[in-house]
Amino acid sequence: MSYGKFLDELESLFRSRKQNNLPQQHYKKTFADLRDIWIEDCRYSELNAFILENWDSGNGDDFVNPYSQHLIQSGEIGHFKKLWKGILRIRMNKMWSLYNFLKKVQPNVTLEEIKSQNLSHFNQYSSEESAIKSLSWQREYLLNGIDEYKQGLLLMDDETELDYLKKLNYSISNLIKPKPKPTYDNRKIDESLFWQLIEDCRTNSQDKYEFIERLSSKLGEFKPKEIMNFEKIFSTMYEKLNISELWALAYIIRKGCGDDEFDYFKAWVISKGKETYNTIFEMQIEKLVDIFDEDPQLEELLYLSENVYELRTGEYMPPVKVKKNDLQRLNWTAETLVKDFPEICRKFEFDNNRLE
């Protein structure tokens, strides 16, 4: 979704320059101009998504670095982590793919041979480079990324992932793939078990924060493949909620709801279990009031599967692809909500004239 938005707005910038008789500029400069516009508008979630969707080879450094520095300077720790964990995951997948290929064609290659490669004139975009040089370069590239992520965390005084990064650095430096921890639950996670896990952990938790702890612990008992299945089902349910009317509902209930808050709202809806999910998805208005017994925000659930997978395997989770449900143009504004959704506004005592 963000990839398409960025390209659409990029085309608008090109047209605007032409209409205003401005000289043509290199597409990289226009890319950077639009990046800076999104940064100024604090469209961090969209920019993260665009970067991780577009630079799947992990080579958009010139575009990414100014944005990364902005996140550090602005103290946007959550967006900074999501950006860099995604970048490292992309680089890691590329490196292990190269490693697996090299071991097939040169099974006796040693770590010292890989480390000793002269990379002074290496061209990462050339198909003529040898497999051993490509792996050597990708290994260094990943190690540099780990260090850059670490330095950003230190600058923002967040040390939560430093122990993990230390272990990851050791693994990559020595080309040792961590072994998954033992499995305690051999069940396969399908949609039925997905909802069972959600509902069991919700029922036995006093609040949404304890729910996150319980679900993290429970999911960590499954095989890595099943953790990815959980994420795939979660992402599918999440995409189904990408509906303009549900954003309006979130806005009415919270007396305001921006892009990020709507993301956290969708995660919260899933956390309440299948019955509540269907009630909200179907907009069963008569049942809504009793559902919202807390602030409907749960950002932590967005990253739960990835975090559990990392703890389980010592690696970043590969991307999970699901069908996107692009949010159509909003058919409401804050000023028209009372007119467009009168019954919901009455139930939640929403008056747009009282909004600051």
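Some observations on this one:
- Of the accessible area of region 178-319, computed with a 1.4 Å probe over protein heavy atoms only, carbon and sulfur atoms account for 47 percent.
- Difference of contour (0.36 nm per residue) and Cα-Cα distance, T203 to E239: 10.5 nm
- The phi torsions of region 255-271, fed into the Karplus equation with coefficients 6.51, -1.76 and 1.60 and a -60° offset, translate into couplings of 6, x, 6, x, 4, 4, 5, 5, 4, 5, 5, 4, 5, 4, 4, 4, 5 Hz, rounded to whole numbers, with Gly and Pro shown as x.
- Sum of side-chain charges, D157 neighbourhood, beta-carbon under 15 Å (Lys, Arg +1; Asp, Glu -1): -2
- Per-peptide packing, taken as the mean over residues of other Cβ atoms within 10 Å, places 42-50, 128-136 in the sequence 42-50, 128-136 from highest down.
- FRET efficiency estimate (nearest 0.05) - Cβ-Cβ, N118 to D62, R0 35 angstrom: 0.90
- Extent along principal axes [Cα atoms of the chain; Å; largest to smallest]: 71, 66, 36
- Mean-position separation - Cα centroids, region 165-215 and region 220-237, in angstrom: 9
- Site pair V109 and T30 shows an inter-label distance of 3.9 nm when each label is modelled 7 Å from Cα along Cα→Cβ.
- Packing, taken as the mean count of other beta carbons within 10 Å per residue, orders the peptides 300-308, 5-13, 232-240 from highest to lowest as 300-308, 232-240, 5-13.
- 3J(HN,Hα) along region 158-166, derived from phi through the Karplus expression 6.51 cos²θ - 1.76 cosθ + 1.60 where θ = phi - 60°, amounts to 10, 9, 5, 10, 5, 5, 4, 5, 4 Hz, with x in place of Gly and Pro.
- Hydrodynamic estimate: the Kirkwood radius of region 10-143 over Cα pairs, inserted into Stokes-Einstein at 37 °C and 0.692 mPa s, corresponds to D of 191 µm²/s.
- Integer Hz, Karplus 6.51/-1.76/1.60 couplings in order for region 75-87, x for Gly and Pro: x, 7, 4, x, 5, 4, 5, 4, 4, 6, 5, x, 4
- Per residue, the chain exposes 54 Å² of solvent-accessible protein surface, assessed with a 1.4 angstrom probe and all protein chains in place.
The values are calculated or read from the model by the stated rules, or taken from the named source; none is laboratory data. Computed from a prediction, not measured in an experiment: that's the story for all the values here. For neighbour counting, all protein chains shown are included, and Cβ atoms are generated from backbone atoms with ideal geometry for every residue, glycine included. In case anyone asks, the SASA skips ligands and DNA or RNA and just uses the protein heavy atoms, side chains included. Shrake-Rupley method; radii C 1.70, N 1.55, O 1.52, S 1.80 Å.
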